[in-house]
Amino acid sequence: MTNLEQALVTHVARYWMSTILRHSRHVGNGGLWSHTRRYTPHMTLQTSVYIATTLDGFIARAGGSLDWLEHDSGEADYGFNAFMTSIDCLVIGRITFEKVLGFGDWPYSGKHVIVPSTNLSNNDIPEELRAGVEVVNGNPADLLAALEARGFKHAWVDGGDTIQRFLRAGLIDEITISRIPILIGNGIPLFGVIDGDIRLSHVSTTSFDSGLVQSLYRVCG
Ligand SMILES: NC(=O)c1ccc[n+]([C@@H]2O[C@H](COP(=O)([O-])OP(=O)(O)OC[C@H]3O[C@@H](n4cnc5c(N)ncnc54)[C@H](OP(=O)(O)O)[C@@H]3O)[C@@H](O)[C@H]2O)c1
């Protein structure tokens, strides 16, 4: 990787962490994790999606590039700390996990991370991360049940395909989407085919000077 590419990746990684992973200050508290999901096999573990998309609904370009995320976020703190403080574990799709690994700095220290995958094993996890990261294989309900049995309370579910699997299983409680005002026409979509309609209730929308518009939805089922 050239110095330029490394710098770009680092820049995007920082931007990603400071923009995507932030949470609107209007989103915290207020019953955020407290609605009834479609199926209720898990009574205490809450699940949130927190993600940035293009205006046309993509989370990455077809090849995985996040270059479209670059824009001036100014002084805005979209509630990043509040969101990160609120979660105690993450479910990260294998492709997103590999992307984050490529960023260099591990951004989820102090949080338990599970990586659902049929291709990876725990041997693929860098040794220095193994205490807090594990590869798992199972359906979404079983993954959440295992987390809940270990006492976790609030999971961040991340990665387009992974989010879609959890949505289809009726296992997402809250969705926060930060929309960047750009159309890219093609890429990896946040949403996909579902078995039936999923109704959501709109909780709040906040627009920022940067042009980012952040909306919180609660999944009704
Ligand atoms: N814009 C944003 O805020 C944002 C956020 C996150 C990610 N991204 C981008 O989105 C892209 C990745 O998303 P993606 O939709 O391609 O993939 P993804 O959801 O990150 O990963 C999908 C993979 O996760 C594994 N997986 C998920 N659920 C599973 C289950 N229940 N059991 C077994 N394996 C399971 C499978 O891995 P195997 O193939 O190994 O079985 C599957 O191929 C990356 O480019 C990333 O940078 C953007």
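Every number here is computed from the coordinates shown, using simple stated rules; none is lab data. This structure is a prediction, so every number in the text was calculated from the model and none was measured. As a convention, Cβ positions derive from the backbone with ideal geometry for all residues, glycine included, and neighbour counts pool all protein chains shown.
Could you sort 91-99, 198-206 so that the peptide with the highest average Cβ count within 10 Å comes first and the rest follow in order?
Ranked by mean Cβ neighbours within 10 Å, highest first: 91-99, 198-206.
Could you let me know the centre-to-centre spacing of the stretch 84-143 and the stretch 181-221, using Cα atoms, in angstrom?
The two parts, judged by their Cα centres, are 24 Å apart.
Would you mind calculating the gained length between ASN137 and MET43 on full extension (0.36 nm times residue separation, minus the Cα-Cα distance), in nm to one decimal?
Using 0.36 nm per residue and subtracting the Cα-Cα distance, I get 31.7 nm.
When DSSP beta bridges are limited to those with both residues in the stretch 103-221, what percentage is antiparallel, rounded to the nearest 5?
In the stretch 103-221, DSSP labels about 75 percent of beta bridges as antiparallel.
Could you give the length gained by full extension between ALA62 and ALA145, i.e. 0.36 nm per residue of separation minus their alpha carbon distance, to one decimal place?
Working it through step by step, the gained length comes to 26.6 nm.
Once a ≥ b ≥ c are taken as the square roots of the eigenvalues of the Cα gyration tensor of the stretch 77-201, is the result rounded (a/c under 1.5), prolate (a/b larger than b/c) or oblate (a/b not larger than b/c)?
rounded
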